[in-house]
Every structure is written in structure tokens, then in C-alpha cells.
Amino acid sequence: MAEAEKEFRHQGLWSFLPWIWQSEQKRKGSGRGKRQAGGSQRWTVFAEPATMVDPGRLEAILASYDAKEPWYLGHGLTDEQMSIVHHYQQEPAYPLGHSAFALSEALLRKLVKDLEEKPIGGGQQIEPIWELANRLSKLAVHITDRKDAFCLRKAAGCATWARDLDSYRPSMGLSPKDVVIAVKTVGKFHQPRIPLLKEFWADDSPSDVLYLSNQGDDGGLGAKIVDLSQEFGDMVDPSKESTKHGSGHCSKMLAILRYLKKHQPQRRWYVVTDDDTLLNVPRLLRVLDSHDDKKAVYLGERYGWSHTEDHEGTNYITTGAGMALTAKALQQVVACSSCTCRSPDSPDDMSLGSWFRSLGVQVTHEEGFHQSEPHNYHKDLLAVSDEPISFHRYNALGSARSGHGWHCQSVQCSCEAIKTRCLLQEGPAQRGVLWMKSCVLTDLHEEPS
């Protein structure tokens, strides 16, 4: 797809619908899109880098269906509970991307015709594989579940299956001291949130952890809290750079980046995360070590905004899941005279996406970063995805009031699927990492910092 993005000059093809539109227009323009006598048995199979394929078996599976009919084949997933990343909808079922999925010729034509009549219209791209399934469901086309062919793991009869790519990651010789982790926080959340971060991951972090806030008093927490207001004034004033709905933080983010550039020189990577985000720091370091930090790299979980069929919008990193910048990327964005906030409370992550786009720095997506809590992701997806680096939005205030306020629901927990024990059965040093793999939090609706 990277080659297609260059060919079509469209950085939003990862969201599927623009890629389908562009590729079908190309076929029409080349004459290959003309209907053939007797119809066409063409299929389009979408795979990921982690997908392994048995070509003969895949051909046999596809040959058993008539591509002149609208077929949608894959490893079907249905959410067991409502998921914020799927707009709190448990339907439709959608494919496991790591195992690939296939669309018939007839379905592609049907979809393109629908896009002609009802264009995408912009908006946000969060999880394109579900968004494609949702679009197809409105055409009365639902996935045909072939878990026996599009497999989770290799087994007899599988046409595709997922593999672990971690052993293929290179090493750039990164050491923990080359990385600084900046936690974006605010005075009112020092007491309820920072103690939990310290317990779950920060105190065990081999890399330095700084808490960047509008106030410097740590209230005896033993944390390195930096009062940004001393240097940046109104840029970090909560009444100006945020709203009660949690949007905004643009001027605060800009202050954080400027602070890191000035006061934390000679680092190779700079990580910025929220004070309600849990990090698996060893995994974070392993992933960063696999990227060339001599380049300008802007890394995390990729979202999109306003991508349409023939017009690219903006890709950006969701900062709640954590964002990582190489020193070169940080230097470029801080030095950029046009990289300014439209208003202090503009969305920080979307602003960053626009700035890096103007600088020619593309988003680097890493699936181990998660903008939401574990239960918002299907257990089969977590089982074959990269080891988690982060999950976002735990209720720190509830945790402070009720002991820890979170619990591991052993029945609903994905512990067995991920081959790990539930959180409360482990010692404190492992809690944060195992929570990422297995457990569910109580209250999800807390205002971020």
C-alpha cells in the first residue's frame, strides 16, 4: 500500500475506502475494468505484513465462491461488548486483518457505485477495517465467516494465518538513558493519578520519567514534577488550553515540546503520554530501538481525519496512547515558525499531525499503542497483535477513592486467550504490563489532562 500511496499521492489509503476507489478508477482508466463476457472471477485480498499465505489453498477457497456475486470472506469477529473504537456498536461483524480478507469483483463494483452516490464526506478514521465492514453492512453485505481458512494460527486447511514479526525487528543500539518519557498532567490530577503511574510502571522505568504540569508542588509524591507555567505562562493555563470535555491542549503540548528540546538535549527519543495512560516501558524501548532515530520519526497509533476518495486529509498520532518523536523530529517541529495553535485549546494530536504533514514527516504506525482500554479490542486481535505498549483511559479518581477501583473480571477477562494470569494474581512490578494484556477497568469516562 505504501507504493500505492506514492502513486496516487494519497496518504489515507490505509483506511481502505480511498484505496478501493482509487484502484478501481485506475482499472477503469486502463480499460481493464470493462465487463468481460461471462463476467469476471477477480478477487481482491487485503493482507498485512504479519499475514502468511498458502497461495494454492487460498486460490481453492476463492474458487469455491462466485465472484460475480458480492462476497466478503474472512475471519469474522463480533465484539462481545460495546466498544468505543466501534462507536459503541456490537454489529456488524468484521474481519481479523492479520488473517487477511477478500472482496469479490461484484462487491467491489457495488461498493464503488455506492461511493459515487454517497461519497465518504471526511470525518475521522479510527479503525478502518471495522469502518469498511460498517459501510458494507449498509449495502446488506456481511462477512462470510471462514475461520477455517482465514486462521488465527497455522493449522491444517488454512489459506492464511498470522505470524509474529518481532524477531525481524532490527536494533539501533538504543539504551534506556537515550529516552525520556514526559507525562502530560495538571495540578488537580497530581494526587489521584501520579501515585498509580508510579506504582504501575513509572518507578520501574529504566528511562527517565518527567511529569510536566501547570504546577510544581508534588504534595510529597516523590515525583519529578516540572512547573511549566514558570517558563510558558498562559500556554499551560488549564482554563485556556483545555475544556471540560477534554479536547484541546494544543498550547500545552507546544510548551512541552519546547521544554523537552531546551532542557532535555542529547536524547534520541522523546515520548509524551497522558497521566491516565499505562505503559509497558520495556516493550516501548524495544519498539523504539527498531526504528532509525537518525531520521525524523513521528510514531504511535495512527488515526486519520478527513480522508476522502480522491483527497487526502491528515494522519496523526493519538496522544492518549502515547507519542514518540526522534530528536530530529522534535527539532523540526519546534523550529517550525508556521507550526502554531489556531487556539490554545485546539486538539493537540490533530495539530501535530498537520504540522508534521507540512514538514513532510509521515506518521509511523505501531499497533502496540492503544488509545482505549483493553476490553475495547477483540481478544483475538490482541492475541495476534504486537505485544501491547500502552492502553489509555483508566479512572484514576475512582481508583484513589476505592482502593484501586479497577478489577479483573475473570469470566470476561482475556487472560486465557493471551496465556497470562489476571492482574490481581501478580506482584506490583508486573501489574501494569499484565493489566494491558488481560483486564477490564470499572469507569471509563474521566476527563483527561
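The values are calculated or read from the model by the stated rules, or taken from the named source; none is laboratory data. All values derive from a computational prediction rather than experimental measurement. Reconstructed Cβ throughout: ideal geometry from the backbone, glycine too, with neighbour counts over all protein chains shown.
Suppose we keep only residues that are of a type in the set (D, E, K, R) and assigned to a helix (DSSP H, G or I) within the stretch 344-371. Which one would you say is farthest from M323 (Cα to Cα)?
Selected residue: R357.
Just to be sure I understand the filter: pairs with C-beta atoms under 8 Å, separated by 6 or more residues or on different chains, first member in the stretch 292-315 and part of a loop (DSSP other than H, G, I, E, B), second member among the aromatic types (F, W, Y). Which pairs pass?
Matching pairs, first to second residue: D293/W269; E301/F369; E309/W21; D310/W21; G313/W305.
Could you list, in sequence order, all residues of the stretch 211-221 that are surrounded by fewer than 21 Cβ atoms within 10 Å (Cβ to Cβ) and in contact (Cβ under 8 Å) with a residue 24 or more places away in the chain?
Q215, D217, D218, G219, L221
Out of K262, K224, report the one residue that is surrounded by fewer than 23 Cβ atoms within 10 Å (Cβ to Cβ), without any contact (Cβ under 8 Å) to a residue 40 or more places away in the chain and either among the polar types (S, T, N, Q) or within 26 Å of R283 (Cα to Cα) (or both).
K224
Mind checking which helices (runs of 4 or more DSSP H) fall wholly inside the stretch 54-160 and carry at least 3 residues that are farther than 23 Å from E312 by Cβ and either more than 28 Å from the chain's Cα centre (by Cα) or in the same structural domain as S23 (by TED's automatic domain parsing) (or both)?
Ranges flagged: 55-63, 105-117.
Restricting attention to the stretch 286-300, does a residue exist that is modelled with pLDDT under 95 and under 17 Å from H370 (Cα atoms)?
Looking for residues that are modelled with pLDDT under 95 and under 17 Å from H370 (Cα atoms), one finds none in the stretch 286-300, hence no.
With the condition kept exactly as written, say whether any residue in the stretch 127-135 is crowded, with 19+ Cβ neighbours inside 10 Å and over 17 Å from W14 (Cα atoms).
No, that holds for no residue.
I'd like the full set of residues that are out of contact with any Pro (no Cβ under 9 Å at 6 or more places or on another chain) and either buried (at least 19 other Cβ atoms within 10 Å of the Cβ) or free of Cβ contacts under 8 Å to residues at least 24 places away in the same chain (or both), limited to the stretch 141-151.
Residues satisfying the conditions are R146, D148, A149, C151.
Being closer than 21 Å to L210 by Cα, in a loop (DSSP other than H, G, I, E, B) and in contact with a Gly (Cβ under 9 Å, 6 or more places away or on another chain), is that true of even one residue in the stretch 316-324?
yes
Residue check: is A63 of a type in the set (G, A, S) and at pLDDT 95 or above?
So A63 passes the test.
Among the residues of the stretch 420-432, are any of a type in the set (V, I, T) and either under 22 Å from the mean Cα position of the chain (by Cα) or at pLDDT 90 or above (or both)?
No, the stretch 420-432 contains no residue that is of a type in the set (V, I, T) and either under 22 Å from the mean Cα position of the chain (by Cα) or at pLDDT 90 or above (or both).
So L260 fits all but one of (1) over 28 Å from V85 (Cβ atoms); (2) at pLDDT 95 or above; (3) of a type outside the set (D, E, K, R); (4) out of contact with any helix residue (DSSP H, G or I) (no Cβ under 8 Å at 6 or more places or on another chain); what number is the exception?
Every condition holds for L260 apart from (4).
Step by step: first the residues of the stretch 345-380, then only those that are among the hydrophobic types (A, V, I, L, M, F, W, C) and crowded, with 19+ Cβ neighbours inside 10 Å, then the one that is farthest from H87 (Cα to Cα). Which residue is that?
The qualifying residue farthest from H87 (Cα to Cα) is V361.
State all residues of the stretch 285-316 that are within 14 Å of Q11 (Cα to Cα) and within 18 Å of the chain's Cα centre (by Cα); if no residue qualifies, say none.
Residues satisfying the conditions are R302, Y303, G304, W305, S306, H307, G313, T314, N315, Y316.
Can you say whether Q215 is among the polar types (S, T, N, Q), in a loop (DSSP other than H, G, I, E, B) and closer than 30 Å to G233 by Cβ, as far as the supplied structure shows?
So Q215 passes the test.
Every residue in the stretch 372-392 that is over 23 Å from L288 (Cβ atoms), at pLDDT below 90 and in a loop (DSSP other than H, G, I, E, B), please.
Residue satisfying the conditions is E373 alone.
State all residues of the stretch 194-205 that are within 23 Å of the chain's Cα centre (by Cα) and part of a helix (DSSP H, G or I); if no residue qualifies, say none.
Within the stretch 194-205, L197, F200, W201, A202 meet the criteria.
Being within 30 Å of D386 (Cα to Cα) and of a type outside the set (S, T, N, Q) narrows it down to one of V209, V186, V226, so name that one.
V209
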